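**Q** Structure below; questions to follow.
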Amino acid sequence: MSAETPAAPGQFDRRRLQFRSWRGTRPFWAGLYILIAGFPIMYFPYAHLQLGHLTIAMATTAGAGSLIIGVLLVVLGISVWFQKHIRTFAGVAAILLALVSLPVSNFGGFIMGFLFALIGGAMAVAWSPGVPPQPEVAWAPGTPQPEGDVPQAGDTPGADDRLRGSDGMGVANDLSGTSPLDGANGRHSAG
């Protein structure tokens, strides 16, 4: 095997490419931010920080509310990954839960959880699935036109005969501007 021979892709490379294609078809980063937001919101109300011999308890009377908000954010983050069609609902719910976490759970997990949930929710609402680009096919006059397209003026045989007046002088009778032969869709503009 020489140095110029390309190596066969290994298991790691194949899995990495599979994950990359899976990640590209859904709002992955939005789900990750929403998922991460749940942890500080859940953790801080139950945490006991120690500074030397001094124990600082962050527990509040709304500890259960913080736990519920954190668990809901984690579930919403995972739901955005595996059910991308609920991204708008999950994004709006994450934003609302972030706002509710400010008074309920130590300023939204000391602002960290609040910001992650707010940004992740906005990203989930704004995400839209990409459409793969389709190559444009140039249509040459004289070849049969594909079905479903509206014929343009002069493209259809006999179109000039239909647009000419009865006297054959070349003056168009159709003054509405909505003929499918000239590319209009039948709607009038008020301007």
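**Q** Give the accessible surface of the stretch 25-102 per residue, rounded to a whole number of Å², with probe radius 1.4 Å and ligands, DNA and RNA excluded. Don't jump to the answer; show the numbers that get you there.
**A** On the way: 4190 Å² over 78 residues.
Per-residue accessible area for the stretch 25-102 comes out at 54 Å².
**Q** Using the Cβ atoms and a cut-off under 13 Å, what net charge is assigned to the surroundings of TRP81, where Lys and Arg are +1 and Asp and Glu are -1?
**A** On the way: positive: ARG23, ARG26, LYS84, ARG87; negative: none.
Around TRP81, the surrounding residues sum to +4.
**Q** Could you work out how far apart the two model spin labels at GLN83 and ILE111 are, taking each label as a point 7 Å from the Cα in the direction of the beta carbon, and quote it in nm?
**A** Placing both labels 7 Å along Cα→Cβ, they lie 3.5 nm apart.
**Q** Calculated FRET efficiency, LEU99 and ARG15, Cβ-Cβ r, R0 45 Å, to nearest 0.05?
**A** The value I calculate is 0.70.
The values are calculated or read from the model by the stated rules, or taken from the named source; none is laboratory data. Source: prediction; values computed, not measured. As a convention, Cβ positions derive from the backbone with ideal geometry for all residues, glycine included, and neighbour counts pool all protein chains shown. Heavy atoms of the whole protein, side chains included, go into the accessibility calculation; ligands, DNA and RNA do not. Shrake-Rupley method; radii C 1.70, N 1.55, O 1.52, S 1.80 Å.
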